[in-house]
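To keep things clear, I will list the structure first and then write my remarks on it.
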Amino acid sequence: GSVEPAPAARRLELAGRWVVPGLWDRHVHLSQWAMVSRRLDLGGVGSAAEAAALVAASVTGGADEVVGFGYRDGLWPDVPAIDLLDAVSGDVPVVLVSADLHSCWVNRAAARRHGLAEAAGESGVLREDDCFRLVRELDDLADDVLDAWVDEASRAAAARGVVGVVDLEMRWNRDDWARRAAGGADALRVRFGVYTRDLDRAESAGLRTGDEVEGTGGLVRVGPYKVITDGSLNTRTAWCVDPYPGLADDEHPHGLVNVPYDELVPHLRHADRIGLAPAVHAIGDRANERALDALEAVRPGGWRGRASIEHAQLLRRDDLARFAALGVVASVQPEHAMDDRDVADLYWAGRTDRAFMLRDLAAAGVDLALGSDAPVAPLDPWIAIAAAVGRSRGGREPWHPEQ
């Protein structure tokens, strides 16, 4: 009330109410988040046998297809196996998507339906690119159905104080959001990501980060170029300097490199040439090191405040200063530390003082951008803020409270 309002401004009486700035979630997969409540909930499952029992109940209940979400098998006492799912499902296709979206567990009927029988093998577990392909196929719903679900999820986010999201769904997002805005969806501002397979398409369409999408009233803008360079902790595919304990004989004991450096640099140059700022997924410490190497090689210091590394979960201490010097934003999801603390204590044993180093990043002068990675964590900024500040959940002792 201390300045004269613009003529078109509305005056609201706020006595007795709290007022806070509108909040953005820097990293979501909004279609996936909208579908979660329609899928078999595996969030509380503690073993492969428990997951199979829930599938059995769905099949017995008459389901002609079972799609589940939310399992975390990093601490399970048993391992996923395709025979286990087959025994309870028969010819009913079953796809169970992990909470981190980096692996799927399928039965043979689903593997055949989606042309992934060879990749599924005897475990039935699909990781990284095979998993991403399958998740994209599960997203192939009628536009009006998915749009209604996304609108419902968007309004729920707005009710929690969210005014905008960076939507990094693995699809061609421009047309989806243009259609939704034209249909009246106005709960959130949206910046949408572009993936490698669509760089040429983005170039042809003249998409540049920050540009408004015509006909959306400024609600929809072009976001970053998203590239996934490694895997995740729970799937044991995050690319790390040190091997995962107990996986010394595994084919990939240090994790997986989805996009090696000699491919990443040309992709980043392509994105830079057409005006897309990069958002590079890197979780393991080796992945973060090489992501910073690639960003520095392409535009040293030239992406200040625009380039981001998504997740930045495990870091070498030397890389804190490199984040700051290059002006790379750390796009982090604090609730992941609460979800992954026990898995990290096992698979990153002796290194967790370098995991989810939010305070150290901030102290080094790195800009933090908080988000949820929904559906990996709930699209709720207060959950993220609580995790960032308290480093605890469910009454447990804070995990690395120094951070």
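The values are calculated or read from the model by the stated rules, or taken from the named source; none is laboratory data. Remember, predicted model here, so these are calculated numbers, not experimental data. A quick note on method: Cβ atoms are made from the backbone with ideal geometry, for glycine too, and the neighbour counts reach across all protein chains shown. Calculation scope for accessible area: heavy atoms of the full protein, side chains included, ligands and nucleic acids excluded. Shrake-Rupley method; radii C 1.70, N 1.55, O 1.52, S 1.80 Å.
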### Task
Identify, by number, the condition in (1) assigned to a helix (DSSP H, G or I); (2) of a type in the set (Asp, Glu); (3) more than 20 Å from the chain's Cα centre (by Cα) that ASP151 doesn't meet.
(3)
### Query
Of these, ASP167, ASP176, which one is over 17 Å from the mean Cα position of the chain (by Cα) and not assigned by the TED database to the domain that holds GLU65?
ASP176
### Query
Within the stretch 196-205, can you find the residues that are surrounded by fewer than 20 Cβ atoms within 10 Å (Cβ to Cβ) and either touching a helix residue (DSSP H, G or I) at 6+ places or on another chain (Cβ under 8 Å) or aromatic (Phe, Trp, Tyr) (or both)?
THR196, LEU199, GLU203, ALA205
### Query
When ASP319 is evaluated against the numbered criteria (1) in a helix (DSSP H, G or I); (2) free of Cβ contacts under 8 Å to residues at least 60 places away in the same chain; (3) surrounded by fewer than 17 Cβ atoms within 10 Å (Cβ to Cβ); (4) acidic (Asp, Glu), which criterion, by number, is the only one it fails?
(3)
### Message
Of the conditions (1) within 15 Å of the chain's Cα centre (by Cα); (2) outside any helix (DSSP H, G or I); (3) crowded, with 19+ Cβ neighbours inside 10 Å, VAL366 satisfies every one except a single condition; which number is it?
### Response
(1)
### Task
Please find, among GLY43, GLY61, GLY115, the residue that is open to solvent by less than 60 Å² (accessible area, probe 1.4 Å), on the phi < 0 side of the Ramachandran plot and of a type outside the set (Phe, Trp, Tyr).
GLY43
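Matching residues to (1) part of a helix (DSSP H, G or I); (2) under 16 Å from the mean Cα position of the chain (by Cα); (3) over 24 Å from LEU23 (Cβ atoms):
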residue: ALA111; (1), (2), (3): yes, no, yes
residue: GLU118; (1), (2), (3): yes, no, yes
residue: SER123; (1), (2), (3): no, no, yes
residue: ASP130; (1), (2), (3): yes, no, yes
residue: VAL145; (1), (2), (3): yes, no, yes
residue: ALA156; (1), (2), (3): yes, no, no
residue: VAL163; (1), (2), (3): no, no, no
### Message
Among the residues in the stretch 84-97, are any open to solvent by less than 20 Å² (accessible area, probe 1.4 Å), within 23 Å of THR237 (Cα to Cα), assigned to a loop (DSSP other than H, G, I, E, B) and not β-branched (Val, Ile, Thr)?
### Response
no
### Query
Does ALA178 satisfy the criteria of being touching a residue at least 24 places away in the same chain (Cβ under 8 Å) and not β-branched (Val, Ile, Thr)?
yes
#### Entry: Pick from the stretch 217-262, criterion outside any loop (DSSP other than H, G, I, E, B) and among the acidic types (Asp, Glu), ranking: most open to solvent (accessible area, probe 1.4 Å)
ASP262
### Query
Any residue at all in the stretch 341-357 that is assigned to a strand (DSSP E or B) and open to solvent by 10 Å² or more (accessible area, probe 1.4 Å)?
no
